[in-house]
Amino acid sequence: MSSPLPINFLQSAARLNQLPDRVLELAFIGRSNVGKSSLINALANRKKLAKISKTPGATQLINVYELNPEGSGNWLVDLPGYGYAKAPKQEMDRWRRMIEEYLIESPSLGGVYVLIDGVVGPTALDLQTIEWLEHIDLSYRFVATKVDKIRPSKSQGRRKDLVNKLGVEKKDVMWVSASTGSGIPQLRSEILDYFA
Ligand SMILES: Nc1nc2c(ncn2[C@@H]2O[C@H](COP(=O)(O)OP(=O)(O)OP(=O)(O)O)[C@@H](O)[C@H]2O)c(=O)[nH]1
Ligand SMILES: [Mg+2]
């Protein structure tokens, strides 16, 4: 058991300069539809805090959630996803403009969680994004989503495969399900530790 993260919606923005001062922030990035917004809701144990959708592109702006108390300046940031499957170059460019500015220039961004679809595994775009994070020297950690969709008999194989494709070790990936809550307590406690 673990308590929901005490977060509230603070603000949406298209540009970095629209955001107020903050102390420390952690952002969630990943392919459209990977489950970033659902994960925010699961962490807070609230259904409609972040807008989610079956169709990729639910999140269009930089969405800021603040940890209590109000004015703490500790933020969790939900970002629009990058290309879904064969997303047009146009969409990728849109993501790039908004997100690159934010990821490169936000002064108090401590790191990002890169969400990888646990069923699909890392896509070429995921790997490209990771390379780019290395390039801009931003810390990141992996969260594999939708584990509820993996059959128990396939679970070991899937985990091994995903870890291999990312070129990391088992301990470097957290496995979560926003649907069943699996892995959510661990992620909550990691996030709280980070802001402590
Ligand atoms: N089965 C299952 N479905 C999930 C899980 N997390 C998210 N989904 C579903 O995946 C779809 C996309 O979820 P979102 O949270 O909107 O994804 P997103 O990454 O925020 O997408 P964008 O805002 O487009 O970038 C929705 O239909 C969710 O219900 C999960 O843990 N398990
Ligand atoms: Mg979203």
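We did not get these values from a lab; they are worked out from the coordinates using the rules stated. Computed from a predicted structure; not experimentally measured. Ideal geometry is used to build each Cβ from the backbone, glycine not excepted, and the neighbour counts take in all protein chains shown.
When residues of the range 39-74 are filtered for being under 17 Å from the mean Cα position of the chain (by Cα) and more than 15 Å from ligand 1 (Cβ to nearest atom), how many remain? Of the residues in the range 39-74, 3 are under 17 Å from the mean Cα position of the chain (by Cα) and more than 15 Å from ligand 1 (Cβ to nearest atom). Within the range 121-132, the set of residues being surrounded by fewer than 18 Cβ atoms within 10 Å (Cβ to Cβ) and touching a helix residue (DSSP H, G or I) at 6+ places or on another chain (Cβ under 9 Å) comprises 121, 127, 132. Screening the range 137-161 for residues that are basic (Lys, Arg) and buried (at least 17 other Cβ atoms within 10 Å of the Cβ) and picking the one that is nearest to residue 42 (Cα to Cα) gives 146. When residue 162 is tested against (1) closer than 22 Å to residue 5 by Cα; (2) under 18 Å from the mean Cα position of the chain (by Cα), only condition (1) is not met. Search the range 20-38 for residues being within 16 Å of ligand 2 (Cβ to nearest atom) and within 9 Å of residue 109 (Cβ to Cβ), and hand back the single one that is surrounded by the fewest Cβ atoms within 10 Å (Cβ to Cβ). For the range 20-38, the residue satisfying everything is 26. Of the helices (runs of 4 or more DSSP H) lying entirely inside the range 110-196, those carrying at least 3 residues that are more than 17 Å from residue 26 (Cα to Cα) are 124-136, 152-166.
Looking at the range 185-196, can you tell me whether even one residue there is over 18 Å from the mean Cα position of the chain (by Cα) and either buried (at least 17 other Cβ atoms within 10 Å of the Cβ) or away from ligand 1 (no atom under 14 Å from the Cβ) (or both)? Spell out how you get there, then give the answer.
Initial filter on the range 185-196 (over 18 Å from the mean Cα position of the chain (by Cα)): 196.
From what is left, the residues that are either buried (at least 17 other Cβ atoms within 10 Å of the Cβ) or away from ligand 1 (no atom under 14 Å from the Cβ) (or both) are 196.
Among the residues of the range 185-196, at least one is over 18 Å from the mean Cα position of the chain (by Cα) and either buried (at least 17 other Cβ atoms within 10 Å of the Cβ) or away from ligand 1 (no atom under 14 Å from the Cβ) (or both), which makes the answer yes.
Annotation note: Cβ proximity below 7 Å between a residue of the range 37-56 that is basic (Lys, Arg) and a residue that is surrounded by 13 or more Cβ atoms within 10 Å (Cβ to Cβ) and outside any loop (DSSP other than H, G, I, E, B) (sequence gap 6+ or interchain) occurs for 47/41; 51/37.
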